[in-house]
Amino acid sequence: MKLSMTQAQRKVRTKNLWVLTSLVILIVIVFMISMNTGYIKLSPLEVVRTLFGLGTAQQALVLFDFRLPRIVLSILVGMGLAVSGCVLQGVTRNALADPGILGINAGAGLVVMLFISFFPSTTDTPVFMLPILAFTGAGATAAIIYVLSYKRHEGISPIRLLLTGIAVAAGISSATIILTLRLSPENYQFVATWLAGSIWGSNWKFVLSLLPWLIVLLLFVYLKANVLNVLNLGDLTAIGLGASIEKERRILLAAAVGLAGASVSVSGGIGFVGLVGPHLARQLVGARHQVLIPTAALTGALLVLVADTIGRWILQPSEIPAGIVVAIIGAPYFLYLLSRLQD
């Protein structure tokens with residue numbers, strides 16, 4: 001019996017390793033395709049030559065100053081949003097939890113939009129302030145949703161949390177629309193594109209502003225994988241196992257809010273990544289968070305990278321924001337999950 005259990009565990013580990021490896025390979029493939037996608041054509045050979053410093057000055061400018069930062073941001077944003085959704089689903093035990101659906105992205109976006117409206121020409125210092133501003137907006141929104149959906153002796157009901165988040169998101173979106181009416185035509189065009197979910201911060205300053213947040217918070221969430229596993233067992237079981245439920249839940253919620261807020265600060269309102277990424281990952285590797293978290297991160301990165309690449313390619317020289325492409329995939333998937341939960 002012990003031998004068979006060991007063999008089963010080895011099979012699971014081998015399968016999970018293959019899944020992670022396959023996702024990395026797919027990301028690399030889309031990465032190479034994305035570097036060849038754009039108004040200025042670069043062949044695969046020219047891309048490789050430019051990466052090794054053998055390309056022309058124009059090719060180096062296009063690749064290193066425009067395309068690579070955007071591609072890297074797409075990967076980082078996808079990872080941040082997917083892991084944020086994974087944590088929210090684990091903490092609330094709500095299969096439909098997503099920073100976009102719950103209004104956390106909208107709260108972060110509102111504060112960032114206000115800042116950009118007053119400071120349209122960003123310098124180095126404001127760029128690095130964007131994740132902090134987004135975290136403030138996302139944190140305030142999450143706190144409002146948490147307070148409104150919490151009931152004493154009952155805790156947080158998944159359905160109540162979802163409905164509260166949708167209502168708060170609708171209110172914030174209305175306030176955002178009202179604010180956009182007072183913007184100049186130039187700022188309005190930018191804000192409209194940003195709200196649609198465009199990877200707008202496409203230079204290395206934005207990459208450097210986002211990277212520290214993701215490194216710290218992704219590592220922290222991964223180290224809390226056992227806590228998420230325990231929380232999924234239910235409050236009574238978690239208490240019996242010695243977990244401090246409310247303390248851990250608030251800490252993990254803060255981490256999820258930080259990931260979502262920092263990602264939104266450079267990507268705009270990209271929704272559904274935190275919903276689709278974790279669900280696809282769960283189908284691939286199961287619900288154990290030690291494997292689920294990195295798989296969700298890779299799935300989210302692949303999803304946003306594919307969406308941004310399609311958006312840049314399908315209507316050249318114009319672009320479709322990545323958020324719209326993701327919504328085309330995510331909205332039907334959300335309705336599918338909702339119908340399954342109702343059944």
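Assorted remarks:
- Qualifying position, being part of a helix (DSSP H, G or I) and of a type outside the set (D, E, K, R), among 63, 102: 63
- One residue from 238, 262 being surrounded by 15 or more Cβ atoms within 10 Å (Cβ to Cβ), of a type outside the set (Ser, Thr, Tyr), assigned to a helix (DSSP H, G or I) and modelled with pLDDT of 85 or more: 262
- A residue that is outside any helix (DSSP H, G or I), touching a residue at least 12 places away in the same chain (Cβ under 8 Å) and within 26 Å of residue 33 (Cα to Cα) can be found somewhere in segment 318-329.
- All of 202, 209, 198 fail the test of being of a type outside the set (Asp, Glu), touching a residue at least 40 places away in the same chain (Cβ under 8 Å) and within 26 Å of residue 251 (Cα to Cα), apart from 209.
- Filtered residue count, segment 17-73, keeping only those that are closer than 30 Å to residue 288 by Cβ and either among the hydrophobic types (A, V, I, L, M, F, W, C) or surrounded by 15 or more Cβ atoms within 10 Å (Cβ to Cβ) (or both): 15
- Checking residue 306 against (1) within 15 Å of residue 96 (Cβ to Cβ); (2) among the hydrophobic types (A, V, I, L, M, F, W, C); (3) modelled with pLDDT of 90 or more, the condition it does not meet: (1)
- Residue within segment 132-142 that is modelled with pLDDT under 75, within 18 Å of residue 250 (Cα to Cα) and surrounded by fewer than 23 Cβ atoms within 10 Å (Cβ to Cβ) present: no
The values are calculated or read from the model by the stated rules, or taken from the named source; none is laboratory data. It should be emphasised that the depicted structure is a prediction, and the values quoted were computed from it without experimental measurement. FYI the Cβ positions are ideal-geometry reconstructions off the backbone, even for glycines, and counts take in every protein chain you see.
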